[in-house]
1. Name every residue in the range 178-193 that is modelled with pLDDT under 95 and open to solvent by 50 Å² or more (accessible area, probe 1.4 Å), in order of residue number.
2. How about the range 33-47: which of its residues are crowded, with 16+ Cβ neighbours inside 10 Å and either of a type in the set (Lys, Arg) or not in a loop (DSSP other than H, G, I, E, B) (or both)?
3. Taking the range 99-124 as the region of interest, how many residues are buried (at least 17 other Cβ atoms within 10 Å of the Cβ), assigned to a loop (DSSP other than H, G, I, E, B) and not β-branched (Val, Ile, Thr)?
4. Are there any pairs, at least 6 apart or on different chains, whose C-beta atoms fall under 8 Å, with the first in the range 49-62 and at pLDDT below 90 and the second hydrophobic (A, V, I, L, M, F, W, C) and part of a loop (DSSP other than H, G, I, E, B), and if so, which?
5. Quick check on my filter: what residues within the range 26-45 are over 26 Å from Glu165 (Cβ atoms) and either of a type in the set (Val, Ile, Thr) or in contact with a strand residue (DSSP E or B) (Cβ under 6 Å, 6 or more places away or on another chain) (or both)?
Amino acid sequence: MGTSVDAAIKEENGNVAEKKPTVVFVLGGPGSGKGTQCTNIVQHFGYTHLSAGDLLRAEINSGSENGTMIQDMIKEGKIVPSEVTINLLQKAMQESGNDKFLIDGFPRNEENRAAFEAITKIVPEFVLFFDCSEEEMERRLLNRNQGRLDDNIETIRKRFKVFLEASIPVVEYYDSKGKVRKIDAGRSVEEVFEAVKAIFTQKDEKAAV
């Protein structure tokens, strides 16, 4: 298990000449539909989907001291320390056995971004950004019934604010490097996936050349 990522980590030490894992950051506001699209990408293109939020929730549910700290921060609408999330992501990458990853909902801010690159030595292949209006995201979140405790109107708006203030600078940073692939996420799931497929198909074709 984890041979591809382990090999990539060894490469940093100059032991193995194998390429680093491919990482695509998936960003979008709460309710932008990125989770649904990640599932489609996994099925069609063989990536492993790592949701920072799901990994953090699993840690909370484990009842560990780390999990309690994470829960308290999320309740207050704060962003969890970078190292905590990066450690969870690295562990999941190493356990997956794959070498292609969609990292969903991370980096949440510039500090996350810099820490991820510094700790893992991995620069993302590109950033998939699901661009969706606040009104549409709010409508979707209030309509869905997933039993998520954080889906009430006040918390939703707080999450929007955190996303805009913290995550948009990350998108702008990668945009300046030519690494952002922007998707109009206000459309239907099928239409959005057609746009997503075109991006990943183009990437695979480039890699095959």
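The values are calculated or read from the model by the stated rules, or taken from the named source; none is laboratory data. Here the structure is a predicted model, which is why all the values come from computation and not from measurement. Every residue, glycine as well, gets a Cβ built from its backbone with ideal geometry; the counts of neighbours run over all protein chains shown. The area values use the complete protein model at the heavy-atom level, side chains included, leaving out ligands, DNA and RNA. Shrake-Rupley method; radii C 1.70, N 1.55, O 1.52, S 1.80 Å.
1. Lys182, Asp184, Arg187, Val189, Glu190, Glu191 - these are the residues of the range 178-193 that are modelled with pLDDT under 95 and open to solvent by 50 Å² or more (accessible area, probe 1.4 Å).
2. Those that are crowded, with 16+ Cβ neighbours inside 10 Å and either of a type in the set (Lys, Arg) or not in a loop (DSSP other than H, G, I, E, B) (or both): Lys34, Gly35, Gln37, Cys38, Asn40, Ile41, Phe45.
3. Initial filter on the range 99-124 (buried (at least 17 other Cβ atoms within 10 Å of the Cβ)): 99-109, 112-113, 115-116, 120, 122, 124.
Remaining after also requiring assigned to a loop (DSSP other than H, G, I, E, B): 99, 105-109, 122, 124.
The next check asks that each one be not β-branched (Val, Ile, Thr); those that pass are 99, 105-109, 124.
The qualifying residues number 7.
4. The qualifying pairs are Ala52/Phe106.
5. Result: Thr39, Ile41, Val42.
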